[in-house]
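Data block below; observations after.
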Amino acid sequence: MSNLTLTYNKHNPHPPQVTLSLGSTLKPDDIKEGDDVYFECHIKANPKEHRITWSHNGVPVTQNVSWGIIISTRSLVLQRVARVHAGLYACSAANDRGETTSAMVNLRIRCK
C-alpha cells in the first residue's frame, strides 16, 4: 500500500474566487440616508482577473460620478446614499478560466 500526497499549487490556473464585503469602517446596522458607503470585492485569481462587474438587485451597476456612483479597481463607492440604494449587491470577476460572482451583500439604509 502506498501513500499518495496531493498538494495544492497556488500557481495552477483557476477561475476567480470572489467575496464581497461592506467597507471595513462601516457598521451595517447604522447606515443612514446621506451617508457614503463602499463595498470591497476580494478576488483571488490565476491568471489575474481582466474584468470586474457590479450588480444591485441583479441589475448591472455602472459608474456615474454625478449620481455619486464611483467604481475603482475592486471597490464600489456610493456617495450620499438614499433608500433607492438599499438592496442586494454582488461583484463578479472574470479571467481566462471563467467568471465567478460573489455571494450577495444586503445593504440596509435607515431613515435619518
**In the range 79-95, the residues that are under 18 Å from His42 (Cα atoms) and either out of contact with any Pro (no Cβ under 9 Å at 6 or more places or on another chain) or exposed (fewer than 15 other Cβ atoms within 10 Å of the Cβ) (or both)** = Leu88, Tyr89, Ala90, Cys91
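What tally of residues in the range 22-37 results from selecting those that are outside any loop (DSSP other than H, G, I, E, B) and touching an Asp or Glu at 6+ places or on another chain (Cβ under 9 Å)?
Going through the range 22-37, the residues outside any loop (DSSP other than H, G, I, E, B) turn out to be 22, 28-30, 32, 37.
Next, from what is left, pick out any that are touching an Asp or Glu at 6+ places or on another chain (Cβ under 9 Å): 22.
Going through the range 22-37 one residue at a time, the tally reaches 1.
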**Request:** Of the numbered conditions (1) without any contact (Cβ under 8 Å) to a residue 24 or more places away in the chain; (2) in a strand (DSSP E or B); (3) not hydroxyl-bearing (Ser, Thr, Tyr), Pro15 fails exactly one; give the number of that condition.
**Result:** (1)
**Asked** Quick check: anything in the range 65-86 closer than 17 Å to Val18 by Cα, more than 15 Å from the chain's Cα centre (by Cα) and either in a strand (DSSP E or B) or among the small types (Gly, Ala, Ser) (or both)?
**Response** no
**Request:** Tell me, please, whether a residue that is on the phi > 0 side of the Ramachandran plot and of a type in the set (Gly, Ala, Ser) can be found in the range 36-57.
**Result:** no
**Prompt:** For the range 23-47, how many residues are within 23 Å of Thr73 (Cα to Cα) and modelled with pLDDT of 95 or more?
**Reply:** 13
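The values are calculated or read from the model by the stated rules, or taken from the named source; none is laboratory data. Note that the structure is predicted; figures quoted are calculated from it, not measured. Cβ: placed from backbone, ideal geometry, glycine included. Neighbour counts: every protein chain shown.
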